[in-house]
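*Asks:* Handing you a structure now.
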Amino acid sequence: MVEAIKTVEVFKNYINGEWKDSISGQITNSINPANKNEIVGQVQSSTIEEVDDAIQAATEAKVNWRKLGQYNRGQLLYKVANELEKNLNDIAETLTKEMGKTLPEAIGETQRGIAILRYYAAEGMRKDGDVIPSSDQDALMFTKRTPLGVVGIITPWNFPVAIPIWKIAPALVYGNTVVFKPATESAVTAAKVVQCFEQAGLPKGVLNFITGKGSVVGDALINSTKLNGITFTGSEYTGKLVAKAASANGVKYQLEMGGKNPVIVLNDADPKSAVDGILSGAFKSTGQKCTATSRVIVQEGIYEEIKNLLLKEVGKITVGNGIDTEIWMGPCASENQLNTVLEYIKIGQEEGANLIFGGKRITDNEYANGFYVEPAIFEDVTSSMRIAQEEIFGPVIALIKVSSVEEAIDVANDTDFGLSASLYTSNISSALAFIDDIEAGLVRVNAESAGVELQAPFGGMKSSSTGTREQGEAAKEFYTQTKTVLIKNK
Ligand code: NAD
């Protein structure tokens with residue numbers, strides 16, 4: 001066992017264009033949730049001093065990077081996309097081994113990372129301001145976008161390729177330099193993504209990468225007074241810490257956090273399409289998507305049909321090691337995550353909800369060393385129960401019966417979160433009422449709650465977000481500030 005650990009690759013910090021050992025000398029194993037005895041790689045537990053070194057490197061690099069110009073920065077992102085494409089299979093496989101999502105999902109996520117890089121590479125050729133008519137006929141007035149400066153990026157473990165890239169790519173193309181801290185659970189995948197930026201020839205100091213505990217490295221980053229912006233995706237709890245520190249230091253910040261995403265199914269919905277959307281939205285990635293379906297709100301006239309179809313189809317889900325492409329659902333990403341899911345299943349039963357499918361840990365034979373759980377369906381759930389209010393972040397859905405579209409929307413809105421929401425119906429009036437009244441940043445009709453296209457704004461309402469938006473053109477609002485320029489000829 002000790003011998004095996006010695007041969008595992010250690011992924012270092014990348015600071016000022018060099019891969020560096022941490023002075024802490026401490027490393028953390030990143031393990032495979034399908035088999036806890038398999039070490040996928042090791043990352044360093046970095047120190048507060050190293051966070052400062054990374055910020056210093058980004059600070060020194062920022063003027064030259066800004067002056068390189070948007071077009072040239074975009075051209076570099078094309079090269080990063082090509083590097084990621086070359087390494088697609090290795091990175092996708094590492095992703096599956098490190099956090100458990102199935103290989104087809106990991107390949108899809110990496111391909112999405114490539115597409116995001118190309119989208120922002122092209123942004124290098126798009127306008128960075130507007131000409132505005134001046135009341136003075138001798139003046140030219142226009143706006144010009146300018147970067148924030150040094151941006152801190154903190155990401156969760158559930159999308160270790162796509163989320164870092166949808167933050168790093170716009171940060172860079174709009175002229176910022178970056179200090180990036182990934183979640184430890186998927187830091188090996190993140191390190192391999194950073195290697196693609198290095199291979200593409202990014203100037204030193206423009207992208208810096210540090211690993212370690214959120215409570216040490218993350219805490220030092222969010223409390224730095226030298227950052228000009230901080231963007232965070234993760235839990236509501238940590239997001240509030242980021243907001244507090246950033247406001248105290250006057251640093252611009254952006255938070256994307258949890259969800260408790262509802263799917264409403266009305267009497268006039270197509271049952272098959274609704275059930276397909278619920279299963280995919282709730283159980284793909286083992287329910288560990290911020291946009292995953294967790295509440296299924298069904299009108300009484302179609303309730304039994306939806307329930308029976310769900311029970312029939314959920315029984316066909318194959319759970320196992322996602323590296324095997326026949327597998328539909330992988331393990332939970334970590335032991336902590338598995339324990340949280342099992343705890344919520346217990347809470348649901350204690351609250352009086354009826355567990356009608358699954359919810360048990362799977363431990364027999366080849367599952368013994370993995371963090372596997374059966375997909376779970378509860379019914380007789382009321383909106384006030386904890387399983388209908390708190391984010392579980394696992395393969396668990398709560399069925400809630402309602403009588404009307406109005407009641408369905410009220411129940412859907414009865415949570416602190418507001419990330420994504422779906423409606424299945426064939427009635428245009430119901431769809432329009434839902435689009436108007438639902439409190440969610442991502443509104444989906446006859447489509448599952450998870451997923452949004454990369455060129456469209458992404459983000460939530462209420463406690464899910466700071467209300468800012470990521471992805472597409474919307475990202476520009478966070479990563480730049482506007483100069484209003486007026487020039488006269490004498
Ligand atoms: P988390 O909040 O535990 O960790 C997120 C990141 O914050 C990690 O890099 C972690 O190391 C760091 N961190 C932890 N403590 C910190 C501290 N004190 N100071 C600074 N940084 C700290 O979240 P997680 O468990 O990695 O991710 C799951 C959560 O992410 C879920 O709530 C999910 O909904 C959310 N999420 C949201 C979106 C979205 O776009 N809205 C997308 C994916 C995931």
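The values are calculated or read from the model by the stated rules, or taken from the named source; none is laboratory data. Given the structure is predicted, the values throughout are model-derived calculations rather than measurements. Cβ sites come from the backbone with ideal geometry, for glycine too, and all protein chains shown count toward neighbours.
*Asks:* Looking at 382, 340, 425, 363, which is the one that is buried (at least 23 other Cβ atoms within 10 Å of the Cβ) and either on the phi < 0 side of the Ramachandran plot or basic (Lys, Arg) (or both)?
*Replies:* It is 425.
*Asks:* If a residue has to be more than 11 Å from the ligand (Cβ to nearest atom) and either more than 17 Å from residue 411 (Cα to Cα) or not hydrophobic (A, V, I, L, M, F, W, C) (or both) to count, how many in the range 279-301 make the cut?
*Replies:* The qualifying residues number 12.
*Asks:* Condition first: away from the ligand (no atom under 16 Å from the Cβ) and basic (Lys, Arg). Now tell me which residues in the range 442-489 satisfy that.
*Replies:* Within the range 442-489, 476, 483, 488 qualify.
*Asks:* For the range 404-426, name all the residues that are among the hydrophobic types (A, V, I, L, M, F, W, C), assigned to a strand (DSSP E or B) and within 15 Å of the ligand (Cβ to nearest atom).
*Replies:* Across the range 404-426, the qualifying residues are 417, 421.
*Asks:* Same structure, new question: Between 79, 127, which is away from the ligand (no atom under 16 Å from the Cβ), surrounded by fewer than 23 Cβ atoms within 10 Å (Cβ to Cβ) and under 22 Å from residue 205 (Cβ atoms)?
*Replies:* After applying the criteria, what remains is 79.
*Asks:* Follow-up. Buried (at least 16 other Cβ atoms within 10 Å of the Cβ), of a type outside the set (Phe, Trp, Tyr), within 24 Å of the chain's Cα centre (by Cα) and at pLDDT 95 or above, is that true of residue 358?
*Replies:* Here the answer is no, as residue 358 does not meet what is asked.
*Asks:* Which of the numbered conditions does residue 386 fail, given that it passes all the others? Conditions: (1) away from the ligand (no atom under 16 Å from the Cβ); (2) out of contact with any Ser or Thr (no Cβ under 9 Å at 6 or more places or on another chain); (3) over 30 Å from residue 115 (Cα atoms).
*Replies:* Of everything listed in (1) away from the ligand (no atom under 16 Å from the Cβ); (2) out of contact with any Ser or Thr (no Cβ under 9 Å at 6 or more places or on another chain); (3) over 30 Å from residue 115 (Cα atoms), residue 386 misses just condition (1).
*Asks:* Name the residue that is nearest to residue 233 (Cα to Cα), counting only residues in the range 120-153 that are in contact with a Phe, Trp or Tyr (Cβ under 7 Å, 6 or more places away or on another chain) and part of a loop (DSSP other than H, G, I, E, B).
*Replies:* Among residues in the range 120-153 that are in contact with a Phe, Trp or Tyr (Cβ under 7 Å, 6 or more places away or on another chain) and part of a loop (DSSP other than H, G, I, E, B), the one nearest to residue 233 (Cα to Cα) is 148.
*Asks:* Moving on. Can you go through 80, 40 and tell me which one is in contact (Cβ under 8 Å) with a residue 40 or more places away in the chain, in contact with a Ser or Thr (Cβ under 7 Å, 6 or more places away or on another chain) and of a type outside the set (Lys, Arg)?
*Replies:* 40
*Asks:* Same structure, new question: Of all the residues that make up the range 296-355, how many are outside any helix (DSSP H, G or I) and under 28 Å from residue 104 (Cβ atoms)?
*Replies:* Going through the range 296-355 one residue at a time, the tally reaches 21.
*Asks:* Which of the residues belonging to the range 228-258 are assigned to a loop (DSSP other than H, G, I, E, B), within 12 Å of the ligand (Cβ to nearest atom) and of a type in the set (A, V, I, L, M)?
*Replies:* Once the filter is applied, which keeps residues that are assigned to a loop (DSSP other than H, G, I, E, B), within 12 Å of the ligand (Cβ to nearest atom) and of a type in the set (A, V, I, L, M), the range 228-258 yields only 257.
*Asks:* What number of residues within the range 280-291 satisfy the criterion of being closer than 12 Å to residue 419 by Cα, touching an Asp or Glu at 6+ places or on another chain (Cβ under 9 Å) and not β-branched (Val, Ile, Thr)?
*Replies:* Matching residues across the range 280-291 total 1.
*Asks:* Out of the residues in the range 451-490 meeting the condition of being of a type in the set (A, V, I, L, M, F, W, C) and under 26 Å from residue 122 (Cα atoms), tell me which one is surrounded by the most Cβ atoms within 10 Å (Cβ to Cβ).
*Replies:* Residue satisfying both the conditions and the ranking: 475.
*Asks:* Could you tell me how many of the residues in the range 154-175 are in a loop (DSSP other than H, G, I, E, B) and either within 16 Å of the ligand (Cβ to nearest atom) or at positive phi (or both)?
*Replies:* 8
*Asks:* Next up: Determine whether the range 259-272 contains at least one residue that is of a type in the set (Asp, Glu) and either within 15 Å of the chain's Cα centre (by Cα) or within 8 Å of the ligand (Cβ to nearest atom) (or both).
*Replies:* No: zero hits.
*Asks:* Going through the range 384-403 one residue at a time, which ones are among the hydrophobic types (A, V, I, L, M, F, W, C), over 21 Å from residue 373 (Cα atoms) and either in contact (Cβ under 8 Å) with a residue 40 or more places away in the chain or not in a loop (DSSP other than H, G, I, E, B) (or both)?
*Replies:* Scanning the range 384-403 gives 400, 402.
*Asks:* From the list 178, 188, which residue is away from the ligand (no atom under 12 Å from the Cβ), assigned to a helix (DSSP H, G or I) and in contact with a helix residue (DSSP H, G or I) (Cβ under 6 Å, 6 or more places away or on another chain)?
*Replies:* 188
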